[in-house]
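Some notes on the structure that comes next.
What follows draws every value from the coordinates through simple rules; no lab data is involved. Just so you know, these numbers come straight off a predicted model, no measurement behind them. Glycine gets a Cβ as well: all are built from the backbone with ideal geometry, and neighbour counts include every protein chain shown.
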Amino acid sequence: MRSYREELWFQTANRLEFINITPQVESAVRKSGVREGLCLVNAMHITASVFINDDEPGLHRDFARFLEGLAPHQPTSAYEHNKTGEDNGDAHLKRQVMGREVVVAVTDGKLDFGPWEQIFYGEFDGRRRKRVLIKIIGE
Amino acid sequence: MRSYREELWFQTANRLEFINITPQVESAVRKSGVREGLCLVNAMHITASVFINDDEPGLHRDFARFLEGLAPHQPTSAYEHNKTGEDNGDAHLKRQVMGREVVVAVTDGKLDFGPWEQIFYGEFDGRRRKRVLIKIIGE
Amino acid sequence: MRSYREELWFQTANRLEFINITPQVESAVRKSGVREGLCLVNAMHITASVFINDDEPGLHRDFARFLEGLAPHQPTSAYEHNKTGEDNGDAHLKRQVMGREVVVAVTDGKLDFGPWEQIFYGEFDGRRRKRVLIKIIGE
């Protein structure tokens with residue numbers, strides 16, 4: 001069995017941002033030498049997500065508005081978590097809705113994707129350095 | 001290490017539909033010959049889900065109403081994504097809430113399930129041909 | 001390839017509860033002997049979740065309030081599922097929002113975690129015996 005590990009680092013300009021990381025994950029699969037296996041991609045921080053959806057800017061604005069409706073950033077006093085001195089209670093909730101991780105099949109040395117699947121890093125409390133983990137196992 | 005791959009195809013009669021795909025996944029596990037491992041089942045399209053819950057029609061109607069409350073199909077003009085000519089902005093959001101994939105343990109050659117766990121394909125933009133991927137790795 | 005399986009049992013005092021199960025999962029990884037691989041942790045019941053977030057009591061109260069806002073327990077007559085004689089329709093929906101499972105990388109014999117990641121059992125219909133499954137594969 002082969003295994004491969006790689007970290008991706010991000011520092012977004014905005015509090016909330018979606019970044020297409022498919023090319024970096026494809027590159028990791030190539031470097032892994034795995035032909036058949038599974039590829040885990042997860043946020044290593046608890047106010048961020050990794051998810052799979054469409055690379056369409058209007059949809060990303062729809063995601064942002066949807067999440068802001070469910071768990072608004074303001075007023076920050078609405079979250080008990082923020083009594084600890086944080087202001088990111090909303091980001092912890094947004095991350096739960098969008099998910100922490102994706103697991104993607106690796107087939108014939110490639111991400112085994114449907115026609116529109118793209119992997120995104122979803123940042124909900126940005127402007128600081130944060131990480132994504134890629135772990136690939138297989139043969 | 002063994003690996004096995006299979007696609008399931010669906011064309012639902014309705015825009016929103018839930019289909020129990022547990023028998024097809026069990027069959028794939030048998031065909032894989034894997035006794036101990038992991039089974040990934042994921043929607044290959046970004047307006048559909050694979051999830052695990054109860055096979056109870058009333059609950060499925062509860063899911064549908066819950067999702068329609070969070071991300072209503074109408075008015076389609078409420079979604080920026082629909083400016084691209086699509087009318088499925090809601091379906092992309094519903095899929096995020098319900099999730100893209102499940103990973104199920106394979107133990108002793110079977111899906112290692114609790115008493116009520118069943119795997120569903122969740123369609124949110126149906127009436128067209130779409131796919132689910134099953135990928136099994138193990139020994 | 002190695003594989004390891006363990007069940008954790010819970011009976012919570014309250015209907016809704018979050019329990020940090022990271023120590024039990026770490027212990028399972030040690031017992032598995034796996035140095036490089038993947039660790040699946042999933043609820044075996046369909047009114048419970050396994051998820052990764054912060055071990056902060058204020059945040060857990062925020063989660064509870066958020067979920068209660070999305071899918072209130074009362075009135076139980078609001079859920080078609082409850083016509084079956086159950087009163088846990090809300091719990092099935094809360095579980096979908098929080099997710100069924102997490103997949104965590106195992107690297108160098110340990111859970112490969114970011115600085116604040118902790119694994120939780122999320123119970124939404126407690127006061128009865130329920131299980132979590134840990135399945136680890138790798139080498």
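Over all directions, the projected convex hull of the C-alpha atoms in chain C averages 8.6 nm² in area.
Proximity of backbone amide H atoms, modeled 1.01 Å from N, is registered between C:Arg2 and C:Gly138, C:Glu139 at under 5 Å, excluding neighbours fewer than 5 places apart on the same chain.
Put in line by how crowded their Cβ is, counting other Cβ atoms within 10 Å and starting with the fewest, C:Ser49, B:Ser77 read B:Ser77, C:Ser49. Computed from phi, the 3J(HN,Hα) profile of segment A:121-128 under the Karplus parametrisation 6.51, -1.76, 1.60 (θ = phi - 60°) reads 8, x, 9, 10, 8, x, 6, 8 Hz, with x in place of Gly and Pro. Distance between the C-alpha centres of segment B:89-124 and segment A:48-65: 21 Å, rounded to the whole angstrom.
Taking the label point 7 Å along Cα→Cβ, C:Glu139 and its counterparts in the other copies are spaced 1.1, 1.1 nm apart, in ascending order. Residue pairs exceeding 21 angstrom between C-alpha atoms, taken from A:Lys130/C:Lys135; A:Lys130/B:Lys83; A:Lys135/C:Lys135; B:Lys110/B:Lys130: A:Lys130/C:Lys135; A:Lys130/B:Lys83; B:Lys110/B:Lys130. Note on B:Asp108, A:Asp55, B:Asp54: ascending count of other Cβ atoms within 10 Å places them as B:Asp108, A:Asp55, B:Asp54, the fewest first.
How would the protein assembly as shown be classified by its alpha-carbon gyration tensor: rounded, prolate or oblate, with rounded meaning a/c under 1.5 and the a/b versus b/c comparison settling the rest? Note, shape of the protein assembly as shown comes out rounded.
In nanometers and ordered shortest first, the copy-to-copy spacing of the B:Trp116 label point, defined 7 Å from Cα toward Cβ, is 3.3, 3.3. Compared with the dominant Cα axis of chain A, that is its longest principal axis, helix A:57-70 is turned about 50°.
Using the Cα centre as the reference, give the magnitude of the dipole from point charges on the C-beta atoms of the protein assembly as shown (Lys, Arg: +1; Asp, Glu: -1; all else neutral), rounded to the nearest 20 debye. Don't skip to the answer; put the middle values down first.
Details: 57 positive and 63 negative charges, 145 e Å.
It comes to approximately 700 debye.
Computed from Cα positions, the angle between helix A:89-98 and the longest principal axis of chain A comes to roughly 40 degrees. Between helix C:22-32 and chain C there is an angle of about 40 degrees, using the helix long axis and the longest principal axis of the Cα atoms. Residues in segment A:129-138 carry Karplus couplings, in order, of 6, 9, 10, 10, 9, 10, 10, 10, 10, x Hz; the curve used is 6.51 cos²θ - 1.76 cosθ + 1.60 with θ = phi - 60°, and Gly or Pro positions show x. Under 5 Å from the amide H of A:His45 lie the amide H atoms of A:Arg131, each residue being 5 or more positions distant or on a separate chain, with H modelled from the backbone and absent for Pro and chain starts.
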